[in-house]
Amino acid sequence: MKKQLSETYSKIYDAIKCIPYGKVATYGQIAEVAGLQGQARLVGYALFSLPEDMDIPWHRVINAKGEISGLPDPDWRNIQKGLLEAEDIQFNKDGRVDLKVYRW
């Protein structure tokens, strides 16, 4: 089972690696790209389990509302927002990214 899970997570990580600089993708979108339609939550689990030494643009994955999803550590929300803003991705006054503009 662990090997299968690892293969699934690898598909998710490979999909995330494809998100271009200055763009974002939703959890559901990444699930579709990885061939895991309807499994957006699994993308969240994969990101939560992301090995520290793995170089993927995890910060480019946001929820379907254009928001940074709730994270266990509030500092990570600020880190993710800062990384996105460094790529010229703008947030509106409600803290959302315009998916019509920035969605991959």
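No value in this document is a laboratory result; all are computed from the given coordinates. Remember, it's a predicted structure, so these values are computed and weren't measured experimentally. Ideal geometry is used to build each Cβ from the backbone, glycine not excepted, and the neighbour counts take in all protein chains shown.
How many lysine pairs are close in the chain, with Cα atoms under 24 Å apart and the two 8 or more places apart or on different chains?
Going through the chain pair by pair, I get 18.
State to the nearest 20 debye the size of the charge dipole of the chain about its Cα centre, where the only charges are +1 on K and R beta carbons and -1 on D and E beta carbons.
Taking the Cα centre of the chain as origin, the dipole is about 380 debye.
Can you find, among VAL24, GLY35, GLY82, the residue sitting farthest towards the positive end of the charge dipole of the range 2-102, where Lys and Arg contribute +1 and Asp and Glu -1 at Cβ?
GLY35
Pick out, from LEU47, ASN63, PHE91, the residue whose Cα sits farthest towards the positive end of the charge dipole of the chain, with +1 on the Cβ of Lys and Arg and -1 on the Cβ of Asp and Glu.
The residue sitting most towards the positive pole is ASN63.
Taking every alpha carbon pair in the range 2-102, what does the distance histogram look like in 5 angstrom bins from 0, in percent?
2, 13, 25, 26, 19, 10, 3, 1, 0
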